[in-house]
Each structure stands twice: as C-alpha cells, then as structure tokens.
C-alpha cells in the first residue's frame, strides 16, 4: 500500500493490478447460514477494496454505484 494507506498494488504471478480502499457510506451487515433457514451475523463491513485493470489509480476515486448495481442511479 501507498503511504496514505488507500492505494497500492495486488500482484498475482507476473500480473500487477492497482487497488484502492474505499470507505462505504454506511455500515453493511454480513450474514451467514449453515442450514438455509437461520441467519448468523458474522461482520459489519465499512470498507471495500476496488481492484482495477489499468495501471493508474486516481488519488481520489468515487465509486458511484456503491456496492449494489441497483443503486447506480440513486444520486440522480
């Protein structure tokens, strides 16, 4: 990761991918099920790592769709 702790690179074999750490606008609760009927809360998620294919990651990036594709037009 870079000095700011928000950007860096993911290396897989000989391939290098830029990564950027985002703070989510709200906490997302994560659940797991063992028997397909009862849910168990396993985590509160407040950040997301975005992995890109290009060589350049902007200093300030904004992921407008948040974490769910149905919210892609929520800011309009």
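Bear in mind that the values in this text are calculations on the coordinates, not laboratory data. Just so it is clear, the structure is predicted and the values come from calculations on it, not from any experiment. Note that we place each Cβ from the backbone using ideal geometry, even for glycine, and neighbour counts take in every protein chain shown.
Peptides 8-14, 31-37, 47-53, 19-25 ranked from most to least packed, by the mean per-residue count of other Cβ atoms within 10 Å: 19-25, 47-53, 8-14, 31-37. Based on the reciprocal of the average 1/r between different C-alpha atoms, the Kirkwood radius for the stretch 5-48 equals 13.1 Å.
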